[in-house]
Amino acid sequence: MHTIPPKPPTTLRILHTSDWHIGKRLFNHTRYDEFEAFLDWLHTAISTHDVDALIVAGDIFDTATPSNKAQELYYEFLGKVAKSPCQHVIITAGNHDSPTFLDAPKAILKTLNVQVVGQATADIHDEILLLKDNLKDNLDIVRAIVLAVPYLRDKDVRTGGSFELTGQRDTETAQGIAKHYQSLADHAIALRDEYQASPNQPPIPIIATGHLFSAGASVSSDDDGMRKETFVGTLGQLPASIFADDINYVALGHIHASQTVAGQDRIRYCGSPIAMGFGEIGKDKQVLIVDFDPATENTPHIHALTVPVFTKLVRLQGDTDSIKHALRPLIAENQTIYAEIIYDGQALEPNFAKDIKAFLTDTNVLPLNIQNNTQRRHVLQSTHHGENLKQLTTMDVFERLLDRRAVSDDEKDELKVAYQHIIQAIHEQDVQAD
């Protein structure tokens, strides 16, 4: 864990997190214990590090219809934070969340100083939040202005009609999102200047949230739990220039790898707090603590706080003997371990999966995914079309179809982007279905 310095008396401290994906399964295995452990850890971190405001930048849940257990973890966490020194909680919806589901209890949650923005509305003032000092002697002091922007869908920002040209739709949507942020920034700047004229009012930082794919951002791996179909070419990518220079910090979600954007320290993805797939093994997970000191004109001072690994993930590859040899010390560990096991020995070993499952019966190692690459290659070589549909994404299947129809490379690119719009539209319809 990184060392977090004590918070100076006049400093505003926020904690930036996103992409919890509560309820997400790993190869159909539930992970509620991990989500509960993370939320308990986060609650402790908020109190330990004297956090003034918590920002959750989207994808609180993994689906638009979270289970009762997922909801229970969410509301129990908010109840605990309401009793902590943290004065404000700001939650914005991501593309996995149902905007109406998140917004439904917002009036009740506001009494706990939890402000939820599930969906963009015609009145942009709904997304401009004033964080005031809740201490009795400082009720008129504004600590920050937050542009609480949720995941923006086409219908939220695009004013044009329906377009047959994919590129025209992309351009309209990108322009709409940029205009949305610019309008919010203009209002926030005017509001800041108005409050700044009050006596005893310290400099006010402007903080923005976003759940989007910024140009230049990179996913953490080929297996980080994200829907890769939404990242064909430059689909959905937005330039960092949409965030006005007057915005002191941009708290982003959507990408599961922590990173800065366009070399600007003030624009950050914090990443997901737990590994969403076996491809993220060994990658540090973190939340970001951001300090705004009026004495330095609210230049953000950013500290990464490493999230502990609550359940160990391992990926083992080799022949049967080498895999069993690697499993023995893992079995000796006194903790639950999720394993992905890939056989690539010389012999076919058709009973490999059954053998490994028997070897791990009544142990702490759970083989969530077992693959026999040798057998798969043999089948492919003998049949030329024996791929396992479960291991293919929807885009993989579409590409196989294009190959079979002998579509040219230029046409392929256009058709893949168009197909992506269809997949994304279907996903967004699922998210909005309540």
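What to note about this one:
- Answer residue from the stretch 313-344, given it is assigned to a strand (DSSP E or B) and open to solvent by 70 Å² or more (accessible area, probe 1.4 Å) and is nearest to A275 (Cα to Cα) among those: R315
- Here is the figure for the stretch 1-28: residues that are small (G, A, S) and open to solvent by 10 Å² or more (accessible area, probe 1.4 Å) total 1.
- Test: residue in the stretch 140-158 that is assigned by the TED database to the domain that holds L54, assigned to a helix (DSSP H, G or I) and at pLDDT 95 or above: no
- One residue from W41, W20 being touching a helix residue (DSSP H, G or I) at 6+ places or on another chain (Cβ under 9 Å) and assigned by the TED database to the domain that holds Y151: W20
- Of all the criteria given as (1) out of contact with any Ser or Thr (no Cβ under 9 Å at 6 or more places or on another chain); (2) at pLDDT 95 or above; (3) open to solvent by 10 Å² or more (accessible area, probe 1.4 Å), the one not satisfied by F101 is (1).
- Filtered residues of the stretch 184-220 (kept if small (G, A, S) and either part of a loop (DSSP other than H, G, I, E, B) or open to solvent by 40 Å² or more (accessible area, probe 1.4 Å) (or both)): A190, A197, S198, A215, G216, A217, S218, S220
- Residue in the stretch 29-87 that is farthest from D19 (Cα to Cα), counting only those that are open to solvent by 10 Å² or more (accessible area, probe 1.4 Å) and basic (K, R): K83
- Checking each residue in the stretch 112-136 for being assigned to a loop (DSSP other than H, G, I, E, B) and in contact with an Asp or Glu (Cβ under 9 Å, 6 or more places away or on another chain) picks out G118, Q119, A120, T121, D133.
- Where I55 falls short, out of the listed (1) within 19 Å of the chain's Cα centre (by Cα); (2) not assigned by the TED database to the domain that holds V116: (2)
- Some residue of the stretch 261-273 being part of a loop (DSSP other than H, G, I, E, B), within 25 Å of T48 (Cβ to Cβ), touching a helix residue (DSSP H, G or I) at 6+ places or on another chain (Cβ under 8 Å) and of a type in the set (A, V, I, L, M): no
- Count - residues of the stretch 345-381 that are under 27 Å from E333 (Cβ atoms) and either in a helix (DSSP H, G or I) or among the β-branched types (V, I, T) (or both): 13
- Pair list, Cβ < 7 Å and 6+ apart or interchain, from the stretch 117-132 residues that are assigned by the TED database to the domain that holds V89 to residues that are among the hydroxyl-bearing types (S, T, Y): V117/T92; G118/T100; I124/S183
- For A358, the stated conditions hold: it is outside the structural domain of F101 (by the TED database) and modelled with pLDDT of 95 or more.
The values are calculated or read from the model by the stated rules, or taken from the named source; none is laboratory data. None of these values were measured; they are calculated from a predicted model. Ideal geometry is used to build each Cβ from the backbone, glycine not excepted, and the neighbour counts take in all protein chains shown. Calculation scope for accessible area: heavy atoms of the full protein, side chains included, ligands and nucleic acids excluded. Shrake-Rupley method; radii C 1.70, N 1.55, O 1.52, S 1.80 Å.
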